[in-house]
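Participant: Sending over a structure as structure tokens; questions will come in a sec.
The values are calculated or read from the model by the stated rules, or taken from the named source; none is laboratory data. No experiment lies behind these values; they were computed from the predicted model shown. Positions of Cβ are backbone-derived with ideal geometry, glycine not excepted, and every protein chain shown enters the neighbour counts. Just the protein is used for accessible areas: all its heavy atoms, side chains included, with ligands, DNA and RNA removed. Shrake-Rupley method; radii C 1.70, N 1.55, O 1.52, S 1.80 Å.
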Amino acid sequence: MSRVVLVSQSAGLTERIGYATGGAFLLLSPNPLPSTAAELFAGLRGAPAPDIIVLDADLDPNGALQLAHNLDQSFPCVVILAATSVEPLALSAIRAGVKDLVPVESDVSEIRKALERAAHYMALRTATAAAPPPVPVVDKPDGRVVAIASPKGGVGKTTVATNVAVGLAKRYPQQVVLVDLDIHFGDCASALNLEPEFSLPDTIQGAMTRDMLTLKSLLTRHETGLYVVPGSESPVAADTVTPKDISTLLTMLAKEFQYVVVDTAPGLSEHTLAVLDKANEMVLVTTLDVPGVRGLRKELETLDDLDMLPEARHVVLNFFESSRGLTIKDVQSTIGEDVDIVLNQSRLLPQSTNQGVPLLQVNGRDPITKQLNLLVDRITGRTSEALSGFTGRRGVKVERSA
Ligand SMILES: Nc1ncnc2c1ncn2[C@@H]1O[C@H](COP(=O)(O)OP(=O)(O)OP(=O)(O)O)[C@@H](O)[C@H]1O
Ligand SMILES: [Mg+2]
């Protein structure tokens, strides 16, 4: 069991921590707040050193941040900061090494959850410290960033992104992360039936610490072994995310994961451009209609002009039905590229979206699952001829997707 110390003068917080820990905690109420771990622990009078310190920042926010920083630097423990208003402190708190921020008014179950997260993090930290030093990896290549994009909305980007991510994760467990960078209206969490604790803005803050352990503790785990960075909880929170933040996050994730799959918003916003700047591969999704196909041509031309078109790209034609009055060859001649994967119009996909279970999670034998698997094969370089059955053309652009 974790040893918890609360540093606070708030009777309410003390009472709720008492309930959350079953009374197993020590209270320190120094005034003024000491600035070092040594001074703080002098107040413990020989009691065992704590694993988790809940620091109430309300009386002296700067002092609390300074103490948190000193604890982080000098002592193996996890610091949770409590404050009436947590948002203004978020960035400085993360920089000070604080692992969690909770409102002072949090109820007992929220406090208990925060303590459980801290205990989990502490266990991870202890295990890492006890493990033999890692064998240095010489020149471990960065993972591949795979961006899913389209000029239009509703064409199946999130469907493709979640299926590709799950398909890759089943082949490379724990080695794949899906990042929802449809920053205002991302819905990857819902498509994967996840209820995340942390979302994109938290993860961005975590990336700023440049500490991989911190960053990984903010990712959400999916049952397939996929890690997920869910979108923002609200469009307002999303507005704090800058293109530079996105670059930093993707760079860090690519150092840790073999594949970083990124879902994006429709069009070429500055955020999507930041993604494409880091992307090694791009999956372009279109539907079989004139506005969609023209939009895709424009997007390809624009990216080409900007010199931002990744060499490896996969054009996916979604919602395919032969009765639409356009052929795959029409699409290819309009966009000047091969169509690499065709996904049929399928009633299974809306069902899977609504249930939050991507088709590649269950791996059925239906045609749409096979088509999605072909896309995963292309991305992993297993095949380059996904569409040969449709066009009779054999992987004209094979070398691009190597
Ligand atoms: N081939 C398909 N057949 C039938 N339904 C599909 C197909 N592909 C996607 N869908 C459904 O279309 C809906 C929209 O798909 P999705 O959310 O993936 O699009 P999107 O491009 O991410 O949209 P947005 O631009 O709003 O983010 C979902 O309900 C999805 O299940
Ligand atoms: Mg989407």
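Participant: Taking 0.36 nm per residue of sequence separation and subtracting the Cα-Cα distance, how much length would be gained by fully extending the chain between Phe75 and Arg171, in nm to one decimal?
Facilitator: Extra length from Phe75 to Arg171 when fully extended: 30.6 nm.
Participant: Grab the Cα-Cα distance for Ser234 and Glu195, subtract it from 0.36 nm times how many residues apart they are, and report the gain in nm with one decimal.
Facilitator: 12.6 nm
Participant: In degrees between 0 and 90, to the nearest 10, how far off the longest principal axis of the chain does helix 61-74 point, with axes built from Cα atoms?
Facilitator: 80 degrees
Participant: Could you give the nm distance between label points at Thr380 and Leu59, where each point is 7 Å from its Cα heading toward the beta carbon?
Facilitator: 5.7 nm
Participant: With each pseudo-label sitting 7 Å past Cα toward Cβ, what's the Ala119-Arg294 distance in nm, one decimal?
Facilitator: 6.2 nm
Participant: Still on this structure, I have one more. Can you list the residues of the stretch 48-86 with backbone N under 16 Å from a point 7 Å past the Cα of Tyr19, pointing along Cα to Cβ?
Facilitator: Inside the label zone: nothing.
Participant: Between Ser85 and Thr327, what length comes free when the chain is fully extended (0.36 nm per residue of separation minus the Cα-Cα distance, one decimal in nm)?
Facilitator: 81.4 nm
Participant: Follow-up question, since we're still on this one. Cut-off under 16 Å on the C-alpha distance; same-chain residues fewer than 8 positions from Lys113 excluded. Which lysines are left, in chain and number order?
Facilitator: Lys99
Participant: Still on this structure: Taking H as built 1.01 Å from N, whose amide H comes closer than 5 Å to the amide H of Val315, not counting residues under 5 places away?
Facilitator: Here the answer is Leu284, Asp340, Ile341, since their amide H atoms fall under 5 Å of that of Val315.
Participant: Taking all protein chains together and a probe of 1.4 Å, list Ser323, Ser232, Ser190 from the most accessible to the least accessible.
Facilitator: Listed by decreasing accessible area, they come as Ser323, Ser190, Ser232.
Participant: For the stretch 4-129, what are Rg and Dmax over the alpha carbons, in angstrom?
Facilitator: Just the Cα atoms of the stretch 4-129 yield Rg and Dmax of 13.1, 36 Å.
Participant: Taking amide hydrogens as modeled 1.01 Å from N in the peptide plane, which residues meet the under 5 Å criterion relative to Phe320, leaving out close sequence neighbours?
Facilitator: Distant-sequence amide H within range of Phe320: Leu343, Asn344, Gln345.
Participant: Also: At 1.4 Å probe size, with every protein chain present, just tell me what the per residue accessible area of the stretch 1-67 comes to in Å². Write down the numbers at each step before the final one.
Facilitator: Numbers: 3270 Å² over 67 residues.
On a per-residue basis, 49 Å².
Participant: Let me ask something additional. Quick one: net charge around Ile17, please, counting Lys, Arg +1 and Asp, Glu -1 for every other residue with C-beta under 12 Å from its C-beta. Could you put the intermediate results ahead of the total?
Facilitator: Values: positive: Arg16, Arg112; negative: Glu15, Asp56, Asp107, Glu110.
Net of charged neighbours comes to -2.
Participant: With every protein chain left in place and a probe of 1.4 Å, what is the accessible surface of Val86, to the nearest 10 Å²?
Facilitator: 30 Å²
Participant: At 222 nm, what value in deg cm²/dmol follows for the chain if DSSP H runs of at least 4 each add -39500 (n - 2.57) and the sum is divided by all its residues, to the nearest 500? Walk me through the numbers before you get to the answer.
Facilitator: On the way: 18 runs with 174 residues, N = 402.
Taken over the chain, the calculation gives -12500 deg cm²/dmol.
Participant: To continue, here is another question. As a test question: what accessible area, to the nearest 10 Å², does Arg297 have when a 1.4 Å probe is rolled over all protein chains in place?
Facilitator: Its accessible surface works out to 90 Å², give or take rounding.
Participant: Please determine, in degrees from 0 to 90 and to the nearest 10, the orientation of helix 290-305 with respect to the longest principal axis defined by the Cα atoms of the chain, where the helix direction is its Cα long axis.
Facilitator: Approximately 70 degrees, to the nearest ten.
Participant: Over what distance in Å are the Cα centres of the stretch 172-204 and the stretch 10-73 separated?
Facilitator: That distance is 33 Å.
Participant: Okay, moving on. Can you tell me what share of the DSSP beta bridges in the chain is antiparallel? A percent to the nearest 5 is fine.
Facilitator: Given both bridge residues lie in the chain, the antiparallel proportion sits at roughly 5 percent.
Participant: Between Asn344 and Glu270, take the C-beta separation as r, use R0 = 30 Å, and let me know the FRET efficiency to the nearest 0.05.
Facilitator: 0.30
Participant: Compare Met1, Met208 by solvent-accessible area with a 1.4 Å probe and give them largest first, with all protein chains kept in place.
Facilitator: Ranked list, largest accessible area first: Met1, Met208.
Participant: Accessible surface of Lys99 in the full protein assembly, 1.4 angstrom probe, to the nearest 10 Å²?
Facilitator: 50 Å²
Participant: Here is a follow-up. Can you put Arg294, Arg45, Arg171 in order of accessible area, largest first, using a 1.4 Å probe?
Facilitator: Largest accessible area first, the list is Arg45, Arg294, Arg171.
Participant: Continuing with this model, one more query. Would you mind counting up the charge near Gly292? Only other residues with Cβ under 13 Å from its Cβ, with Lys and Arg at +1 and Asp and Glu at -1. Let's see the in-between values first.
Facilitator: Details: positive: Lys152, Lys157, Arg294, Arg297, Lys298, Arg324; negative: Asp289, Glu299, Asp330.
Net of charged neighbours comes to +3.
Participant: Using only the alpha-carbon atoms, how far is helix 243-256 inclined from the longest principal axis of the chain? Give it as 0 to 90 degrees, nearest 10.
Facilitator: Helix 243-256 and the main axis of the chain meet at about 90 degrees.
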